[in-house]
Amino acid sequence: MLVETALQLLPATPAKVLDLGTGSGAIALALASERPAWQITAVDRVLEAVALAERNRQRLHLNNASVLNSHWFSALQGQVYDLIISNPPYIADNDPHLVAGDVRFEPASALVAGHDGLDDLRQIIKEAPAHLNAGGRLLLEHGYDQAGAVRDLLSSAGFEDVHSRIDLGGHERISLGRRPC
């Protein structure tokens with residue numbers, strides 16, 4: 001859903017796109033494959049994830065993408081983008097789903113974001129305006145019950161056209177906003 005929405009937001013003309021917390025690089029590399037004119041920067045704070053995403057980038061021969069080690073925006077001072085996209089950790093630290101199903105095999109750092117699951121989303125939303133061109137968009141995945149809180153955070157940070165989109169399961173799972181022009 002993140003990839004589909006990103007492809008709808010920007011034309012196939014040159015653009016700078018940032019994928020925060022890229023993990024394996026799936027989102028960034030899908031975008032790079034679909035939009036050869038876009039320059040995609042994919043970042044992750046975990047060195048093993050950066051290495052994996054870079055191997056995937058090379059294997060797919062996607063020269064319009066680059067992979068960097070960065071905790072959110074820490075290595076991106078002075079860089080601005082037309083679109084910032086992220087599927088950050090958004091699960092509350094006491095969520096019962098953490099000990100059930102497939103997620104119990106995932107590293108907690110890829111899933112958990114504080115007592116309410118919003119810590120990383122708060123940080124991204126707070127710092128994103130300094131890294132977005134005027135009119136640039138921030139697109140975020142979040143938990144099935146977090147859309148209202150994420151929209152409030154986006155609005156409080158000055159984003160316009162704030163709204164959420166519904167996934168195939170009927171849940172508001174992504175929210176986005178536009179930096180004012």
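The numbers here are math on the coordinates, done by the rules we state, and not lab data. In this text, all values refer to a predicted model and were calculated from it rather than measured experimentally. Every residue, glycine as well, gets a Cβ built from its backbone with ideal geometry; the counts of neighbours run over all protein chains shown.
Things to note:
- Potential lengthening between Ser33 and Gln8 on full extension [0.36 nm per residue; Cα-Cα distance subtracted]: 7.5 nm
- Gyration tensor over alpha-carbon atoms, segment 8-94, equivalent ellipsoid semi-axes in Å: 20, 15, 13
- In sequence order, calculated HN-Hα J values of segment 5-21 (Karplus, 6.51, -1.76, 1.60; Hz; x Gly/Pro): 5, 4, 5, 6, 6, 10, x, 7, 7, x, 7, 9, 10, 10, 10, 8, x
- Residue order, fewest to most surrounding Cβ atoms within 10 angstrom, among His71, His142, His61: His61, His71, His142
- Each distinct pair of alpha carbons in segment 125-181 adds a 1/r term; the inverse of their mean, the Kirkwood radius, is 11.3 Å.
- For Val67, the amide hydrogen comes within under 5 Å of the amide hydrogens of Ala42, counting only partners 5 or more places away or on other chains and with H modelled in the peptide plane.
- Cα→Cβ-extended label distance, 7 Å offset, between Asn133 and Leu68, nm: 1.7 nm
- Pairs of Cα atoms nearer than 8 Å and 6+ residues apart set the relative contact order; for segment 21-94 it is 34 percent.
- Taking 0.36 nm per residue of sequence separation and removing the Cα-Cα distance, the Ser156/Lys126 pair yields an extension gain of 9.9 nm.
- Karplus-derived 3J(HN,Hα) values for segment 68-79, using 6.51 cos²θ - 1.76 cosθ + 1.60 with θ = phi - 60°, are 10, 8, 7, 8, 6, 9, 4, 9, 10, 4, x, 8 Hz; glycine and proline are entered as x.
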